[in-house]
Amino acid sequence: MTPITKLQKWRSISMIPLNNLIARCDVVSIRRLLHNGPDTLEELLERHLAKEQKPTLDDEEAELLNRRRLTSTRREALSLYRDILRASRFFTWTDSRGFLWRDILRENARKEFEAARFETDPEIVTRLLLGGQDAVESALEKLAEKHRQEIEKERSGGGDRR
């Protein structure tokens, strides 16, 4: 008997039909088809190269980052609240019940800020801050427009004096 070389063994395996290969446990134990492999060169490299890991933040760094973000939104919220208080000074007339609009605006602003005090979702906080800034700006623009109209009436000589 002649010893079978590896080349002869592989030749004999290649001659066996594929169904027989799967059935014979001693020759092929796992059927691996070509389509199970990577489709592109990039996919091949992705699978086999060591991926660069993003640096993970430890608990202290994450807490510091969170505090900075919260400090920033707190600063913005305080700035908005101060802007509301400054803007409310210009609303000196009374409503139908006899209350000054200045006091009503300040009271409502305080209620709104207290209601949103413990909000932690950054999207909601940002939306509230932007909405508040827009409201202050539009109120001041409307107030300025009314004052311009009053001044124009006085200049034209047809306005009543309060």
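The values are calculated or read from the model by the stated rules, or taken from the named source; none is laboratory data. What you see is a predicted model; the values in this text were computed from it and never measured. Note that each Cβ is placed from the backbone with ideal geometry, even for glycine, and that neighbours are counted across all protein chains shown. Heads up: the accessible areas ignore ligands, DNA and RNA and are worked out on the full protein's heavy atoms, side chains in. Shrake-Rupley method; radii C 1.70, N 1.55, O 1.52, S 1.80 Å.
Key figures for this structure:
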| read-out | value |
| --- | --- |
| Positions within region 62-89 being open to solvent by 100 Å² or more (accessible area, probe 1.4 Å) and either modelled with pLDDT of 80 or more or under 30 Å from Leu143 (Cβ atoms) (or both), in sequence order | Arg74, Arg75, Arg82, Arg86, Arg89 |
| Matching option when the condition is open to solvent by 80 Å² or more (accessible area, probe 1.4 Å), over 36 Å from the mean Cα position of the chain (by Cα) and of a type in the set (Ser, Thr, Tyr), among Thr92, Thr120 | Thr92 |
| Those residues of region 95-112 which are polar (S, T, N, Q) and either surrounded by fewer than 12 Cβ atoms within 10 Å (Cβ to Cβ) or touching a strand residue (DSSP E or B) at 6+ places or on another chain (Cβ under 7 Å) (or both), in sequence order | Ser96 |
| Output for region 120-140, where each listed residue is more than 17 Å from Phe90 (Cβ to Cβ), without any contact (Cβ under 8 Å) to a residue 24 or more places away in the chain and of a type in the set (S, T, N, Q) | Thr120 |
| Filter result for Ser156 (open to solvent by 80 Å² or more (accessible area, probe 1.4 Å), free of Cβ contacts under 8 Å to residues at least 60 places away in the same chain and among the polar types (S, T, N, Q)) | yes |
| Complete set of residues in region 105-119 that are free of Cβ contacts under 8 Å to residues at least 12 places away in the same chain and assigned to a helix (DSSP H, G or I) | Glu107, Asn108, Arg110, Lys111, Glu114, Ala115 |
